[in-house]
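Right, one structure below, let's go through it.
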Amino acid sequence: MSVPANQPPAGISKTSIFVAAGRAVGAREPDPSARNPDYLAEKLLGDPSKLDVDHPAVRALSLDYDAAMSDAEVVSHVRMMTIRTRFIDEALERAIGAGATQLVILGAGFDSHAYRCQELLARVKVFEVDRAATQVLKKRRVNEIIGAPPPNLTYVAIDFQHEDLADILRRHGHDPAQRTFFILEGVTMYLPEEAVRSTFRFVAAQPPGSGIVFDYVYRAMIDTIAQIDMANVPKAAKPFVERFLNLTRDEPWVFGLPVGGEREFLGEFGLELREALMVGGEDSIKRYVTKADGTQIGARAMAEMAARMAEHAQASGQSAPQGQQMSPERLREQQRLMAYQLAEAVVA
């Protein structure tokens with residue numbers, strides 16, 4: 001039986017859809033200083049009404065930009081995706097400039113680098129690695145909006161938990177003697193620890209100067225998610241938390257790095273940390289989602305949500321007694337433990 005046009009086939013990652021939706025909304029930002037550069041995300045997704053994913057960013061595709069960005073949940077997601085996309089794009093440009101001749105995109109989803117970065121990747125062999133079900137819709141959408149994939153792109157179907165990455169890539173033409181750059185976006189938290197370690201061991205086995213850009217969370221966040229009690233979640237945050245739990249029910253987060261242990265973890269494999277960035281931290285906000293006039297995208301919606309959460313805490317008696325409020329240092333530490341992170345590493 002054929003799948004209706006734009007209907008996600010069975011088994012497709014819902015995460016890949018709402019992630020692409022966040023990039024698509026962010027690409028509508030008028031100011032290039034804070035715009036998500038993924039102008040193809042919306043085209044790859046197609047008609048949002050036919051995407052079977054309940055997420056504010058997906059619904060926001062049917063709204064104009066200002067209306068969409070009045071929702072703090074949409075703003076939060078758009079900011080995260082904009083920071084993530086721009087950080088990865090910059091790392092990719094550095095890698096190609098330093099001589100990488102192969103690009104491997106792991107868990108590619110609706111990644112658009114092979115199509116929107118054709119000039120940068122003109123002399124680079126690109127491999128999109130993902131589950132077969134997700135690639136069915138991806139390839140169909142590429143054929144519909146672009147006409148055909150670039151000649152330097154190879155689609156590689158894989159089951160990350162049961163198939164050997166090195167073997168699969170080798171059979172599709174990857175040359176282990178050439179410098180390779182890896183994009184591991186939105187993957188580590190979904191894999192068991194040994195699968196993550198196996199992936200990093202493979203990256204570290206590439207020629208010196210090869211590298212990887214990836215996102216991750218700390219183990220503290222994984223543990224906190226497992227212990228969430230909705231009765232204690234502030235009313236203003238409940239829709240976000242409930243939606244996150246629903247979306248990750250079939251794709252649970254299971255792996256996190258030791259707190260502050262990025263450099264040591266990577267060093268186990270012979271990888272050298274080049275940069276780690278806390279998404280939503282001051283540096284990431286300033287670098288990637290601050291407009292030319294100094295304002296942040298979605299600032300009003302975020303401020304309104306913070307005010308609602310503070311009001312709810314006060315009304316429900318959850319505010320700390322005078323003199324027991326969390327210090328700025330402790331608050332920053334709590335934010336760091338629960339933050340979503342990005343990192344770039346190279347083969348030493």
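The values are calculated or read from the model by the stated rules, or taken from the named source; none is laboratory data. None of the values given here were measured: they were computed from a predicted structure. Virtual Cβ from ideal backbone geometry, glycine too; neighbours counted across all protein chains shown.
Worth a mention:
- Qualifying residue in the stretch 120-132 (condition: under 19 Å from Val25 (Cα atoms), outside any loop (DSSP other than H, G, I, E, B), of a type outside the set (A, V, I, L, M, F, W, C) and more than 16 Å from the chain's Cα centre (by Cα)): no
- Those residues of the stretch 217-235 which are surrounded by fewer than 19 Cβ atoms within 10 Å (Cβ to Cβ), of a type outside the set (S, T, N, Q) and assigned to a helix (DSSP H, G or I), in sequence order: Arg219, Ala220, Ile222, Asp223, Ala226, Met230, Ala231, Lys235
- Only one of the listed residues (Phe244, Phe214, Phe240, Phe269) is surrounded by 13 or more Cβ atoms within 10 Å (Cβ to Cβ) and in a loop (DSSP other than H, G, I, E, B). That residue is Phe269.
- Taken as a whole, the stretch 97-106 holds no residue that is surrounded by 20 or more Cβ atoms within 10 Å (Cβ to Cβ), closer than 21 Å to Phe244 by Cβ and either within 20 Å of the chain's Cα centre (by Cα) or in contact (Cβ under 8 Å) with a residue 60 or more places away in the chain (or both).
- Lone unmet requirement of (1) surrounded by 14 or more Cβ atoms within 10 Å (Cβ to Cβ); (2) more than 24 Å from Thr85 (Cα to Cα); (3) of a type in the set (Gly, Ala, Ser) for Gly280: (2)
- Considering (1) crowded, with 23+ Cβ neighbours inside 10 Å; (2) modelled with pLDDT under 95, the lone condition that Asp38 does not fulfil carries the number (2).
- Residue tally, condition among the aromatic types (Phe, Trp, Tyr) and over 27 Å from Ala195 (Cβ atoms), over the stretch 100-150: 1
- Positions within the stretch 27-60 being outside any helix (DSSP H, G or I) and farther than 28 Å from Val213 by Cα, in sequence order: Asp47, Leu51, Asp52, Asp54
- Only one of the numbered conditions (1) more than 26 Å from Arg94 (Cα to Cα); (2) touching a strand residue (DSSP E or B) at 6+ places or on another chain (Cβ under 7 Å) is violated by Thr134, and that is (2).
- Set side by side, the residues Ala166, Ala132 differ, and just one is within 20 Å of Arg201 (Cβ to Cβ) and aliphatic (A, V, I, L, M), which is Ala166.
- Residues satisfying the stated conditions in the stretch 247-266, i.e. among the aliphatic types (A, V, I, L, M) and in a loop (DSSP other than H, G, I, E, B): Val254, Val259
- Filter pass, Ser49 being of a type in the set (S, T, N, Q) and in contact with a Ser or Thr (Cβ under 6 Å, 6 or more places away or on another chain): no
- Selection from the stretch 62-75 of residues that are surrounded by fewer than 23 Cβ atoms within 10 Å (Cβ to Cβ) and closer than 17 Å to Asp38 by Cα: Tyr65
- Residue within the stretch 95-107 that is at pLDDT below 95, farther than 23 Å from Tyr340 by Cα and in a helix (DSSP H, G or I) present: no
- Exclusive hit being crowded, with 22+ Cβ neighbours inside 10 Å, more than 20 Å from Lys139 (Cβ to Cβ) and either at pLDDT 90 or above or of a type in the set (Phe, Trp, Tyr) (or both), set Val58, Val19: Val58
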